[in-house]
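The values are calculated or read from the model by the stated rules, or taken from the named source; none is laboratory data. Computed from a predicted model, the values in this text were never measured in an experiment. Neighbour counts run over all protein chains shown; Cβ positions are idealised from the backbone, glycine included. All accessible areas refer to the heavy atoms of the entire protein, side chains included, with ligands and DNA or RNA removed. Shrake-Rupley method; radii C 1.70, N 1.55, O 1.52, S 1.80 Å.
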Amino acid sequence: MRRFSILLPVLLLATQATAQTPYPDPIPSTLPGLDYSESIYPDRSDHDPSVPAPESVLGFPVGQRTATPEQVVAYARAVAEASARVQLVEYARSYEGRPLVYLAISSPANLARSAEIQAGMAALADPRGLDGAKRNRLIEELPAVAWLAYSIHGNETSGSDAALAVIHHLAADRSDTTTRLLDELVVIVDPNMNPDGRARFVKSLAETRGTQPNVDDQSLLHTGYWPYGRGNHYLFDLNRDWIYARHPETRGRIPEIAAWRPLLMVDAHEMGSQDTYLFSPAREPHNPHLPPYRRTMGETFADDQGRAFDRYGYPYYSGEWHEDWYPGYTDAWASLRGALGVLYEQARIAEDGVQRSSNLLSYRQSVHHQVISSLANLETLRRERKTMLEAFSSDRAEVSSPRGPYGNRSFVILPTANQGRLNDLLDLLRIQGLEAHRLTRAVRVGTATDQLGRELRNHELPAGSIVLRNRQPEARLLAAMFEFDSRMSDAALAYERERVLRTGRSTIYDTTGWNITMMFGLEALTVPQHLEAGLEPLDLERAAEPAPLPAAGAQVIALAASGADDRALAFAGRMMERGYFVRSNGEPSSLDGHALPIGSIALTRDDNRGRADWQADAREAAQQLGIPLHAVTHGRAPGMLADLGGRQWRLLARPNIALLSRGLNNMLDFGATWYLLDHRLGIRHSHLDEDRIGAFDLRRYNVIYLPERWGSTELPPALTAALGDWVRAGGTLIAVGNSARALMSAEQPLVNTRPIEAVIGEALAPYQDAIHREWLARQPLPAGEVVWGHAAAPGAEYPWSNGEDPAKPEERTRIDAWQAMLMPSGAIVATRADSTHWLAAGTGPVLPVLYSNSPVLMAALPVESPFRIGLYLGMDGEGGTLNWAPVPEKHELRVRMSGLLWPEARERIASSAWVTRESVGRGQVILFAHAPAFRAAQLGAMRVLENALVLGPGMGASQPVPLP
Ligand SMILES: [Zn+2]
């Protein structure tokens, strides 16, 4: 192959920029290793010149610099046009409108029968009704499908550039090796999984590129800058989105993968620049639902891949930091669907090259590594085609069998008034291709387990429950997503504990809990049987029933939406966005026979006089959201329930929201909240650059959101200085994780909530009494004769008299530091909700939430704690004191729901607050221990954040009356 000089792009830049100056640009430095001389294609390649080579479209050879998303698609289209071996499919558009495409590359004969191949794979994938003869014939005849997916993280660029070479080689090479490969395989190349992220990153490359090559990996060219290119438009990590399917990139891709059923799924990434090259298989912990051949066949693939590297003497490894626990990674998710998922991690070189201790690694070489890996994996798949088809087919048969590991288990999602949230679940089931049923009548089962691990005997499952029977073709994916409490192997646990004790650092790479019903805040049970009685299949493709909307009428005084449904908040947000006045109730109400629990929304005629279209506009917003709207003609509620004109139906203030941005703000939390405001609530808002915060007039906003902070427990001093006056004047300040920690730890804190380490060695009585008061407020009254007695006499019982004293202060501090070492990497814990609090609107008595190494919030009255960690369960226990917190007699506190949460950490966070709210002047501060909008998938916790954002300014802060 011709060799191109690495200097080409630099010279292009130079000629454009400085044609006639007295300082001609320098001749770019030549550095050993920068001009990589190996061909990026295999030996003995014989490329058909009628298929365009990448440089003819890009203007430079593959790997010389980073191709833009537009160049990647342009090249894919050019090859599809020129080659009979290639078909291009556009499967989605990104948020920024960029096309997402894949190429199906195979022999023209295979491509001509692609529908037949997909039907054959579908038959193998669903063994119910597949006879042995047909199965054997399919295994004999079907090509194996490989799915090569590149650069899901937009700033890990080498994958997409490698994809261009892989596409070119497969489409153009006339050698026997490639011809045979394409006879026996269909290769899907998904060349650029995250075009918006890559576009952001290549823009930063263009911004930071100079006249000389840049090989310093600390330089902006290589590091990029906030918000980096990793995430999509909303900065989400798409390599975590597979089980939640929140984004167009994932949602477009899943049905295509389901249609092709690849047996190999490659997911090409990059890691730290000073590293080498990592590929699968992973080390422990392994997700228990991965098919066994992921490990056995994984070894075969890895051996071949390693040999391909050995040929050049390039270093590589597998295992080490790469583990397999979280099921939402590309390779794990694909494996759960039956593919062999293979992860690539190339040392990250953004462009030019990176100097390392003993050598300079050029970008082009890093691209070559990805090409070597891809072609090696394809060759292994070709050789193992029949073995892989066999393994896939027998595994599907086993998991669909009554005697298989999933033969006798069903997950039951209990009915809920929160239809909006349930719709989200049904959408997820549909997109993942999972089979679901509904109970048409109540059914009694011998035993069931709830999300807190309680066994229920002789239990009745209510009519309307959704039933997911684990015995189905996608059993592995279903189990990974819905099993309440997957367990790691003892070996994995022992390794994790040893590393934490020795180094203080966890070896787990992502959250250890992700259970869908818990993340969604939906109540569910596991039943150890394949339920059959009283079931009807659920047609997930059928659109939801249109919501009943009342007819407009002159006698209508209000239109109301029940706060039991999450969409009520979006309804309120969208109506306020259109300039309407909206009310919400701080106490339960019922109007015209419609129950309106706390946090319901009402649009009244009186508030919106002069808006002739108020009913039509409300109906339009409700129809768009699909939420039922109730027409109210009479403002009086029965009994003690809140009348429409009373002070419990509070006027909401239109939220003028600012999100703190850039600097040290965690992009993921910032992005998730931005997504929530844009796509759920539909409220305009501002993003404030924290580096310029001192210059801004915060009075424009009545809500400020401080996202989780990365590695920092301090806020910009100019912000801290301005926030006090702003909150006291009526602002609603919401702070998450380390931002909450920063507010609590400031020299003169704005809040009374404290982090546990600051108070555990001090007087604990106020924190204990807060727990006593919350507990006793829910208990029955003392006997009448005690209350109405006349004598002041000794004998009153005080709640703390039963508890033993916690350890001495210095001992408590030491215990806390020990417990802090064992904090989780993301486990799901139970919180007990105060159902009388507006922040808990739309939440049942238990809200599962994710918790990681979050600040442990200690709150004593008058700080409100609408959610505390742990649920009291009645049992024979003695009660007493757990760490610092009282536990009532005959109760125990259940904390862990799912994921790894060591006993020490359970004790540490028990009864601390997950959310606190406190008044400060005319305003309020709301602290969250952990990011509520996490991955936009924690729907239960997200509702609490939506309550804070939409209801907050009206419910918890005081707004001035606007004088005319
Ligand atoms: Zn990555």
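Taking the alpha-carbon centroid of each part, what is the distance from segment 77-141 to segment 283-315 in angstrom? Rounded to whole Å, the Cα centres lie 25 Å apart. Stretching Gln20 away from Ala84 to a fully extended chain increases their span by 18.2 nm, per 0.36 nm per residue minus the current alpha-carbon distance. Along the charge dipole of the chain, Cβ charges K/R +1 and D/E -1, which of Gly921, Ala570, Met942 sits furthest on the positive end? Farthest along the dipole direction, towards plus: Ala570.
Taking every DSSP beta bridge that has both ends in the chain, the antiparallel portion is near 70%.
Over all pairs of different C-alpha atoms in the chain, the reciprocal of the mean inverse distance, the Kirkwood hydrodynamic radius, equals 30.4 Å. Hey, what angle do you get for helix 158-172 against the long axis of the chain, alpha-carbon based, 0 to 90 degrees rounded to 10? Helix 158-172 sits roughly 40 degrees off the main axis of the chain. Using +1 at the C-beta of Lys and Arg and -1 at the C-beta of Asp and Glu, which of Ala830, Pro597, Thr843 has the Cα lying farthest in the positive direction of the dipole of the chain? Value: Pro597. Reported to the nearest whole Å, the Cα centre-to-centre distance from segment 365-423 to segment 628-655 is 51. Given R₀ = 45 Å, FRET efficiency for Ile431-Glu455 by Cβ-Cβ distance, to 0.05? Given R0 = 45 Å and the Cβ-Cβ separation, E is 0.85.
When the trypsin sites (Lys or Arg not before Pro) in segment 651-697 are filtered for DSSP coil states and for at most 15 other beta-carbon atoms within 10 Å of their beta-carbon, the remaining sites are Arg684. Annotation for segment 779-856 versus segment 441-477: alpha-carbon center distance of 31 Å. These residues, Tyr798, Tyr244, Tyr95, go from largest to smallest accessible area, 1.4 Å probe, as Tyr798, Tyr95, Tyr244. Exposed loop sites, defined as GluC sites (Glu not before Pro) outside DSSP H, G, I, E and B with at most 15 other Cβ atoms within 10 Å, are absent from the longest region of the chain, namely 97-319.
May I ask you to list the trypsin sites (Lys or Arg not before Pro) in segment 524-609 that are in a DSSP loop and have at most 11 other Cβ atoms within 10 Å of their Cβ? Listed in order of number, the matching sites are Arg542, Arg609. Taking the Kirkwood radius as Rh and the Cα radius of gyration as Rg, segment 504-623 has a ratio of Rg/Rh equal to 1.14. Dipole check for the chain: with +1 at the C-beta of Lys and Arg, -1 at the C-beta of Asp and Glu, and the Cα centre as origin, the magnitude is about 1460 Debye. Counting Cα-Cα pairs of segment 713-852 in 10 Å increments starting at 0 gives whole-percent bin shares of 8, 23, 34, 23, 10, 2. Taking the protein heavy atoms of segment 503-552 in the context of the full set of protein chains, the accessible area attributed to carbon and sulfur is 49 percent at 1.4 Å.
Annotation note: trypsin sites (Lys or Arg not before Pro) in segment 631-661 located in DSSP loop regions with a Cβ neighbour count of at most 16 within 10 Å are Arg636, Arg647. Just going by the charge dipole of the chain, with Lys and Arg at +1 and Asp and Glu at -1 on Cβ, which of Ala758, Gly313, Met297 is farthest out on the positive end? Most positive-ward Cα: Ala758. Here the dipole of segment 481-609 is about 660 debye; that uses its Cα centre as origin and unit charges on the Cβ of Lys and Arg (positive) and Asp and Glu (negative). Of all DSSP bridge pairs formed entirely within segment 196-354, close to 20 percent run antiparallel.
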